[in-house]
Amino acid sequence: MNDESPSETGPNRGQTGKKYRLLTLDALHSQTAAYRETNTLISEVTADLGGSEHLTAAERQMVQHGAVLGAIATDMEVQYLKGRRINLMELCTVLNAQRRCFDAVGYKRRQRDVTPTLEGFLKDVEDKE
């Protein structure tokens, strides 16, 4: 069993002494195409929604989940385009789940306030001198 993931026989099921750590995308540090595609989609959707600072924790989670589902859907679509058989019901399920994630955060771009602050303006003037 992998010490990196929780299991049905975890600490609450009678085992003691083992520590279970949940994995995160940040901890993955993978350079696979799926990881890169997922991170790219997270960045693009987050930017479309006005940046991470304008998203709630729940919205950030929905963006991440939607991006992971997007990578899964892309993999299935590529398998199909390579001539391999795929389960269309599974693909539709993944796409529907992804749509629901993005329904939760919306599809319209949100403008980011780029008006310079007085402090930023003064710093720019100071840097140019």
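Structure notes:
- Amide hydrogen neighbours beyond the local backbone of LEU49, cut-off 5 Å, H modeled: ARG110
- Rounded to the nearest 20, the size of the Cβ-charge dipole of the stretch 25-112 about its Cα centre is 200 debye, with Lys and Arg at +1 and Asp and Glu at -1.
- For peptides 83-91, 70-78, sequence by mean Cβ density within 10 Å, most packed first: 70-78, 83-91
Taken together, the values in this text are just the output of simple stated rules run on the coordinates, not laboratory data. What you see is a predicted model; the values in this text were computed from it and never measured. Ideal geometry is used to build each Cβ from the backbone, glycine not excepted, and the neighbour counts take in all protein chains shown.
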